[in-house]
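As structure tokens, the structure follows; a few thoughts come after it.
The values are calculated or read from the model by the stated rules, or taken from the named source; none is laboratory data. For clarity, every value in this text was computed on a predicted model and none was experimentally measured. Virtual Cβ from ideal backbone geometry, glycine too; neighbours counted across all protein chains shown.
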Amino acid sequence: MKYTFIVASFFTMLLFLPGLLVSIDAQPIGSEFRANSFTANFQQNSDVAMDANGNFVVVWESWIPYSMGVIDSIQEIHGQRYMADGSAIGNEFRIHEELPVGQTKPAVAMDQHGNFVVTWTGIAYQDDTLVSTTDIYARRFQANGTPLSSTVKVNTYNIEIQQYPRISMDTLGDFVIVWESNTTSANEIYGQRFSASGVKAGSEFKILNSNVFIESQKRPVVSLDFDGDFVVAWQADYIGHPDSIDIYAQRYQANGVAIGSDFIVNTFKPGVQEFASIASDSDGDFVVAWQSTGQDGTGYSIFGQRFQPNGAPVGVEFRINTFVSSSHYSIGPDLVLDKSGNFIATWGEQGIDGDAIGISAQCYLADGTKLGNEFLVNTYSEFLQISPSIAMAANGKYVIVWESSDEDDTNYLDVRGQLYQSKFLESCSPDPLMLGGSESGTVSYHTQQDITSSQMISTGANMSYQAGTFITLGIGFEVANNATFTGAIGSCNVN
Ligand SMILES: [Ca+2]
Ligand SMILES: [Ca+2]
Ligand SMILES: [Ca+2]
Ligand SMILES: [Ca+2]
């Protein structure tokens, strides 16, 4: 692998180096893979989670042949585990026991050691007919894929429909599941905290809305920081208001106590802002992304807003998609932050792969600066590639999965994915790092193992060292005496 440096200007020994920038193209690991082995019918609504070392699990909804009266298929939740190098571990497996009802729309979270929890919506059938009640279920697994429990019901209030669960987990394995509850009288957001051992922590809680004109709250998402404080975001529909739909959020302490009241995430409010995603860094900085209609004159676009842990917005909301086609839409974003707040967004992008919709992604530094350009994720491009999900490891590996048109056009949708290595800067020590005297320091990346002396030397056109300089490898690389840079790397302050 080779780093490409943006040469901001020419620097010599003892000159002050400003904030550093690296242009990072997407660094795929291996080829695009198909997660589902059983390909007949639909495999869709995929999600993915990754542990600290890059091992990951993909889950999805699979339409399995099933005979029950007029019903000829039933939705099951299936999964596939992977090693950090992208090789599959064992076979595709069913997440739940054999259940006499359909299971749909899974979400998954994983702790740093690889233990994971899958949640989904259970659809009830009665006399061969889908009846208007669903509930939220979950099941816990060890890192080796062994179930830690049977399937458990998550929601307590169970009148009519509970659906669209999302889940997030802290480093200790405590997790929170949120979902949408739809009854004839209300569309509301509920949540339930769980301890790492899978025990419900406190009662389920309902997200309150402070705006009396809100008619319904839908499609919640949740993100925990390292020690369990969390933020829930959702979309809210107004009654007869031109703002139509906005994105709201509410912060919570790890113990479930709401912090302040809910707040509107989006600044541009006319029309529809919907389908939020949210992700946090280690200490609770968070980013929300959503799709917005009519905001930039191009149909649907993806916008985002950065926040401090205390809920204060950082900077202004920003458009994430760069690519714009004639009848444009960018849809369904997902987000991931690394522990330092660098982030990657992915979404469905019309026209990006030359055939209907493809999957785009964009890397950002923690300060909101775009890192490299929007890039195309999917290799197989025929017709639809939509609904991406992204997960990242502490070592900077990340994986994007999505639902894709089938290769032979007979098996509808499949679940595909692509593994990547990010190049985010982790830290500088000291920061700012002084170069040119007797000082030395360390610049650490997620991708420390990728940095070798030969690779550094190979970048000589953009980066050079005077005699006497040394580069020490190991954890990060070290630069010291008399280093001369013509370009530099990362967002570290080098003075
Ligand atoms: Ca299929
Ligand atoms: Ca129910
Ligand atoms: Ca709106
Ligand atoms: Ca396509």
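Give the residues of segment 384-400 that are within 16 Å of ligand 4 (Cβ to nearest atom) and out of contact with any Pro (no Cβ under 7 Å at 6 or more places or on another chain), sorted by residue number.
If the condition is that a residue be within 16 Å of ligand 4 (Cβ to nearest atom) and out of contact with any Pro (no Cβ under 7 Å at 6 or more places or on another chain), then 384, 385, 386, 387, 388 are the ones that fit.
Could we say that residue 326 is modelled with pLDDT under 90, in a loop (DSSP other than H, G, I, E, B) and closer than 24 Å to residue 387 by Cβ here?
In short, yes.
Which pairs turn up if I take residues in segment 64-78 that are farther than 17 Å from residue 411 by Cα and look for partners that are assigned to a loop (DSSP other than H, G, I, E, B) and of a type outside the set (Phe, Trp, Tyr) with beta carbon separation below 9 Å, at least 6 apart in sequence or on another chain?
68/100; 68/128; 69/127; 69/128; 70/128; 71/128; 77/95; 77/96
Considering only segment 130-142, I want to know if a residue exists there that is polar (S, T, N, Q), over 18 Å from the mean Cα position of the chain (by Cα) and more than 27 Å from residue 70 (Cβ to Cβ).
Yes: one or more hits.
Starting from residues that are surrounded by fewer than 18 Cβ atoms within 10 Å (Cβ to Cβ) and of a type in the set (Asp, Glu), keep the ones in segment 319-373 and report whichever is nearest to the chain's Cα centre (by Cα).
Restricting to residues being surrounded by fewer than 18 Cβ atoms within 10 Å (Cβ to Cβ) and of a type in the set (Asp, Glu), the top hit is 367.
If residue 381 satisfies every condition in (1) more than 16 Å from the chain's Cα centre (by Cα); (2) crowded, with 23+ Cβ neighbours inside 10 Å but one, which is the exception?
Single failed check for residue 381: (2).
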